[in-house]
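Down below is the structure, laid out as structure tokens.
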Amino acid sequence: LARLPEVRVWRCSHTGGHRFAPTAITLPIGRAWAWADVDLLTRVLERTAHVPDLVPHDRGAVALPMWAQPVERELFLQQGWDWLEAEIVDVVVDVDHSGRTAHVELQWRMADGAAWSAVADVVTTRVVPVLVCGEPPEAATKSSLELEVTNLVVAGSDRP
């Protein structure tokens, strides 16, 4: 990252998600990246990476609820780098009684003022144990959900 003198890098001991380590959070946007290395972060900061190539690394916008993050990630995939200039103005998450699926609604404005919205269903595809450092996997007492977007519908206007 030395060739990007305007970028400041801080180290911290933990951002969570050991199975995604090393992670990075780009600020001020607040987007988390998994399995980060210098090449990935350089391409992200310069916005030169092909966005579909980033999907395995993109953990989402940290300010959003867990169920909205995969929807927002899908919108980033569809919209490309312009998405990072969008302002999310409303998020509604309705988790079903089982705690395994949710209906998500997002509303945002693009930098040009155009208003957009998306509705999607988000489903759990896998429950992954959260391992405890130095302990066997069966000692895990917490778990993390892997989520997938289904039925995404995007609607927008061409004026503010």
- line: Debye calc, one equal point scatterer per Cα of the chain, no solvent, log10 I(q)/I(0) at q = 0.09, 0.12, 0.14, 0.20 1/Å comes to -0.34, -0.60, -0.81, -1.37
task: Determine the share of the chain's accessible area contributed by carbon and sulfur atoms, expressed in whole percent, with a 1.4 angstrom probe.
output: 53
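What whole-number value in Å² describes the accessible area per residue of the stretch 1-136 for a 1.4 Å probe?
Values: 8070 Å² over 136 residues.
Using a 1.4 Å probe on heavy atoms only, each residue of the stretch 1-136 averages 59 Å².
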task: State the extension gain, in nm to one decimal, for the chain segment bounded by Asp39 and Leu145, taking 0.36 nm per residue of separation less the distance between their alpha-carbons.
output: 35.3 nm
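Near Asp121, within a Cβ-to-Cβ distance under 14 Å, what is the net charge of the other residues, with Lys and Arg +1 and Asp and Glu -1?
Working: positive: Arg100; negative: Glu74, Asp94, Asp96, Glu105, Glu148.
Here the count lands on -4.
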task: Please identify every one of the GluC sites (Glu not before Pro) in the stretch 6-109 that sits in a loop by DSSP and has no more than 14 other beta carbons within 10 Å of its own beta carbon.
output: Glu6, Glu46
- request: Enter the per residue convex hull volume of the stretch 67-132, computed from alpha-carbon coordinates, in Å³ rounded to the nearest integer.
  value: 113
query: Counting alpha carbon pairs within less than 8 Å and at least 6 residues apart, what relative contact order, in whole percent, applies to the chain?
result: 14
- line: The orientation-averaged projected area of the Cα convex hull of the stretch 111-160, in nm², is 5.7
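The values are calculated or read from the model by the stated rules, or taken from the named source; none is laboratory data. Since this is a predicted model, take the numbers as computed values, not measurements. With ideal geometry, Cβ positions are generated from the backbone for all residues, glycine too; neighbour counts draw on all protein chains shown. These area figures cover heavy atoms from the full protein model, side chains too; ligands, DNA and RNA do not enter into them. Shrake-Rupley method; radii C 1.70, N 1.55, O 1.52, S 1.80 Å.
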